[in-house]
1. Hey, could you grab the Kirkwood Rh for segment 162-263? Inverse mean 1/r over distinct alpha carbon pairs, Å, one decimal.
2. Add -39500 (n - 2.57) for each DSSP H run of 4 or more in the chain, then divide by its residues: what number comes out at 222 nm, to the nearest 500 deg cm²/dmol?
3. For mean projected area of the Cα convex hull in nm², one of (1) 16.7; (2) 21.0; (3) 14.4 was computed from the structure I shared and the rest are decoys. Which label?
4. Go through segment 165-171 residue by residue and turn each phi into a ³J(HN,Hα) via Karplus (6.51, -1.76, 1.60, θ = phi - 60°); whole Hz please, and just put x for glycine and proline.
5. So which residue, out of GLY151, GLY113, GLY131, gets the largest mean-square fluctuation from a GNM of the chain using Cα contacts under 10 Å as springs?
6. By per-residue mean of other Cβ atoms within 10 Å, what is the highest-first order of 249-259, 213-223, 184-194?
7. Could you give me the ³J(HN,Hα) list for segment 172-178, computed from phi with Karplus coefficients 6.51, -1.76, 1.60 and θ = phi - 60°, whole Hz, x at Gly and Pro?
8. Need the full-extension length gain, SER252 to THR117, defined as separation in residues times 0.36 nm minus the C-alpha distance. One decimal, nm.
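What follows draws every value from the coordinates through simple rules; no lab data is involved. Note that the structure is predicted; figures quoted are calculated from it, not measured. We place every Cβ from the backbone using ideal geometry, glycine too, and count neighbours over all the protein chains shown.
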Amino acid sequence: MLKGLYTAYTGMLNEQNRMDVLANNLANSATVGFKKEGTTSQGFKSVLTYRIKDMEGSGTWNNVNIGIGTPGVKIGENYVDYSQGAFRETGNTFDLALGGTGFFNIEFTNKAGETRTMYTRDGNFSLTKEGYLVTKDGDFVMGNGANGVPGHIQIDPNIEASIDQMGRIIQNDTIVGQLRITDFADYNYLERYGENCFIPVEGAEIINPNAKVISGYLEQSNVQTVEEMVNLISITRQYEANQKIIQTYDTSLEVAVNRLGKL
């Protein structure tokens, strides 16, 4: 197999992966609190170097054969950009944004009825008729009640409320609840779950957040639409370039097989 065909093929796969991630970013450019993703790629030399210097449990250098030398591109890991998005004023008391690092705590219930705590920057909350603070999908927002007991936040829906920067919910000059805000030492130990939420994986370390709760505002997606559109054009051009390489090799092989082979 010609190495040029493999190189172009892996290049097309890499651009397809970049396109998938970019399309997801653009689709969520208006999603509250969404954090865009990015992609990485690795050249053959970097993969080779990593494998040669890899160590086995015995402590010896792992100088193993990694296969045929194919100088194509390898799809690397995707990553999440946790930078803060712009704030949009709504005037709704229960629309909340976080200024700084940290996440709201949500009790998420899946289709099987199983519940677990998840973390989100989406503060588009509302009150049920029973006075529970919930997300737009109906999941409970976690915090402390008036007695300080952790759990669901429930207040009197008929009394005007305000929320200060510490996340305390105040009615009639009395603290009736407080939002639970959580932060992590290393966001590499967070995994995107879906529903605009994240879950911690093994090794995640919870730390005290430095975020301020801002009532009446929502944090917008940190996707820069113009930048993503420029990247879209770049990806398309690079995909087409790899495609033309394969077409050129195909034409050359056709000449070699059907014409030169007759001599």
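1. Hydrodynamic radius (Kirkwood, Cα only) of segment 162-263 equals 19.9 Å.
2. Value at 222 nm, helices only, nearest 500: -9000 deg cm²/dmol.
3. (2)
4. 5, 8, x, 7, 9, 10, 9
5. GLY113
6. Order by mean packing, descending: 213-223, 184-194, 249-259.
7. Going residue by residue, I get 6, 6, 10, 6, 10, x, 8 Hz, with x marking Gly and Pro.
8. Extending this stretch completely gives an extra 42.8 nm.
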